Amino acid sequence: MDTIKGLLIDLDGTLYHGHQMIPGADLLIAALRKAGIPFLFVTNNSSRTAESVAEHLRDMGIEARGEEVCTSSLAAARYIAEESPGAAVAILGEAGLHEACADAGLTLVTQSPQYVVQGIDRSFTYDALAQASRWILGGAKFVLTNPDLMLPSDDGIMPGAGTIGAAIEAASGVAPIVIGKPESHLITFAASILGIDSSQAVMVGDNMRTDIAAGAGAGCRTILVLTGLTTMYNLDYYKSVTGVTPDEICNDLTELMTLLGV
């Protein structure tokens, strides 16, 4: 692992479950800092701002700063800004997506957008579905922050950004450009923030379908930690459905620290 130039670390299922820190997460981040290994927290979450994500981590005892967080909203905004600087965008999403698009210099509009950019939107309505579909049918590009169909919450499972995106796709007949995991846009963007190529980065995560598939697709090396969704019991199944095999597997974060030599 001596050639690692940066780590891209998933959050939910890797460092915490909801509001509960996974044992060793605080020690891992502290050890990376001490060793001087660059890293970013990389998440499909589009609702929170980077600082809000960092605050969530700090509340659990994991040292984090907003500039160390890369969200699917930030990556989506950068994708649009690089393709069409200052583009007019209509947003179906929450605070994290609004802030990311504004900070990227995009023009937030409610009429005649060049892009419809959509993330999780817990105030989504039928009227919003109809309007987004009309814009897309009229030529606006459809960008989806992340394809997660369902999300965990304190009240149980809830529909994710991907479920809303599926409704818009069904109504418009147009498939979105997907930014978040398992697509590679988020990973290549995160690597660029660290100033490295994806091939010089290592993706660490618990989910074979998203984290490991996205890392492999972006050309990263990958480390699967068995702290969340993927277990030794379902690993072969996920290898089969993704066509991906992680470069390394760690049972927990203590094993990960040993592997990294920190």
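The values are calculated or read from the model by the stated rules, or taken from the named source; none is laboratory data. What you see is a predicted model; the values in this text were computed from it and never measured. Here the Cβ positions follow ideal geometry from the backbone for every residue, glycine too, while neighbour counts run over all protein chains shown. Each accessible area value is taken on the protein alone, full model and side chains, heavy atoms only, with ligands, DNA and RNA left out. Shrake-Rupley method; radii C 1.70, N 1.55, O 1.52, S 1.80 Å.
Here are the numbers for this structure:
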read-out: Search result, residues across segment 1-31 that are part of a loop (DSSP other than H, G, I, E, B) and either open to solvent by less than 50 Å² (accessible area, probe 1.4 Å) or polar (S, T, N, Q) (or both); value: T3, I4, D10, L11, G13, T14, L15, G18, I22, G24
read-out: Any chance T110 is at pLDDT below 95 and either within 30 Å of D247 (Cβ to Cβ) or in a loop (DSSP other than H, G, I, E, B) (or both); value: no
read-out: Positions within segment 194-209 being in a strand (DSSP E or B) and either over 18 Å from L11 (Cα atoms) or touching a strand residue (DSSP E or B) at 6+ places or on another chain (Cβ under 6 Å) (or both), in sequence order; value: A201, V202, M203, V204
read-out: Matching residues in segment 136-150 - criterion: being under 29 Å from T210 (Cα atoms) and either in contact with a helix residue (DSSP H, G or I) (Cβ under 6 Å, 6 or more places away or on another chain) or part of a helix (DSSP H, G or I) (or both); value: I136, F142, V143, L144, T145, N146, P147, D148, L149
read-out: Subset of segment 78-94 (residues that are among the hydrophobic types (A, V, I, L, M, F, W, C) and either outside any loop (DSSP other than H, G, I, E, B) or surrounded by 21 or more Cβ atoms within 10 Å (Cβ to Cβ) (or both)); value: I80, A81, A88, V89, A90, I91, L92
read-out: Selection count where residues are of a type in the set (A, V, I, L, M) and under 25 Å from V143 (Cβ atoms), scope segment 14-67; value: 5
read-out: So I193, is it open to solvent by 10 Å² or more (accessible area, probe 1.4 Å), at pLDDT 95 or above and over 19 Å from the mean Cα position of the chain (by Cα); value: no
read-out: All positions within segment 210-242 that are in a loop (DSSP other than H, G, I, E, B), free of Cβ contacts under 8 Å to residues at least 60 places away in the same chain and open to solvent by less than 70 Å² (accessible area, probe 1.4 Å); value: A218, G219, L226, T230, T231, N234
read-out: Enumeration of residues in segment 32-46 that are more than 18 Å from H17 (Cβ to Cβ) and either open to solvent by less than 20 Å² (accessible area, probe 1.4 Å) or in a strand (DSSP E or B) (or both); value: L32, F39, L40, S46
read-out: Residues of segment 61-77 satisfying the condition of being open to solvent by less than 30 Å² (accessible area, probe 1.4 Å), in contact (Cβ under 8 Å) with a residue 24 or more places away in the chain and out of contact with any Lys or Arg (no Cβ under 9 Å at 6 or more places or on another chain); value: I62, E68, C70, A75, A76, A77
read-out: Residues being of a type outside the set (D, E, K, R), over 17 Å from A171 (Cα atoms) and open to solvent by 30 Å² or more (accessible area, probe 1.4 Å) - total across segment 103-132; value: 10
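Table: residues versus (1) out of contact with any helix residue (DSSP H, G or I) (no Cβ under 9 Å at 6 or more places or on another chain); (2) hydrophobic (A, V, I, L, M, F, W, C); (3) under 11 Å from N207 (Cβ atoms).
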position	(1), (2), (3)
L224	no, yes, yes
T227	no, no, yes
G243	no, no, no
D252	yes, no, no
M257	no, yes, no
